[in-house]
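S.K.: One structure coming up, written as structure tokens, with questions to follow.
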Amino acid sequence: MAGDSKTGRCHGSDQRAISREGTARCSQSFRENISAAEVEGVLCEHPAVRAAAVVPVPDDLRGEEVKAFIQLQNGATLDPEELLAFAQKKLAAFKMPRFIEFVEKFPLTPSERIAKHELLKSKPDQRKGAYDAIIKQWG
């Protein structure tokens with residue numbers, strides 16, 4: 001957590017936020033450069049994951065959050081919390097996906113790359129239907 005826990009003051013580019021429960025906290029500005037390829041690479045190291053695509057999604061509190069679309073290996077099942085625990089061992093906290101959505105297949109570009117822009121166009125609110133790691137439930 002950013003800021004000074006003794007005084008409750010935020011530093012520099014930290015942002016002060018009030019949670020739904022009414023508690024105030026400082027969080028670092030989400031202008032950090034998060035490498036989607038790095039996060040995707042870590043997620044794909046899990047044996048149940050066939051492919052992953054990471055995108056930013058708007059968030060009222062933090063500006064943007066990380067969302068991971070996950071395609072599982074044929075016949076595999078995976079609890080989102082298991083995947084998050086796996087990734088937490090290798091990623092900094094600010095790089096951890098907040099939202100996870102499982103997909104059957106990915107839309108592909110003509111060059112066979114994941115068409116992330118198509119994933120983002122699939123629904124107006126990318127939080128809907130995704131697992132939210134903060135509240136630990138499906139949206």
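Computed from the coordinates by the stated procedures, all read-outs in this text should not be read as laboratory data. Predicted model only: the values in this text are computed from it and were never measured. So basically every Cβ, Gly included, is an ideal-geometry build from the backbone, and we count neighbours across all protein chains shown.
S.K.: What residue among Gly41, Leu72, Ile100 has its Cα farthest toward the positive end of the dipole of segment 34-139, where the charges are +1 on Lys, Arg and -1 on Asp, Glu, each on the Cβ?
M.R.: Positive-end residue among those listed: Gly41.
S.K.: Which percent, nearest 5, of DSSP beta bridges in segment 34-132 are antiparallel?
M.R.: Counting only bridges with both partners in segment 34-132, antiparallel ones make up about 70 percent.
S.K.: Now a separate question. Would you mind computing Rg(Cα) / (2.2 N^0.38 Å) for segment 34-132, counting N as its residues?
M.R.: Normalised Cα radius of gyration, segment 34-132: 1.01.
S.K.: Related question: In nm, what is the difference between 0.36 nm times the number of residues separating Ala85 and Leu61 and their Cα-Cα distance?
M.R.: Here the segment from Ala85 to Leu61 would lengthen by 6.3 nm.
S.K.: Expressed in nm to one decimal, what extension gain is obtained for the pair Glu104 and Ala92 from 0.36 nm per residue of sequence separation less their Cα-Cα distance?
M.R.: Contour length minus the Cα-Cα distance gives 1.5 nm.
S.K.: Under a point-charge model restricted to the Cβ atoms of Lys and Arg (+1) and Asp and Glu (-1), what is the dipole moment magnitude of segment 34-132 relative to its Cα centre, in debye to the nearest 20?
M.R.: Taking the Cα centre of segment 34-132 as origin, the dipole is about 180 debye.
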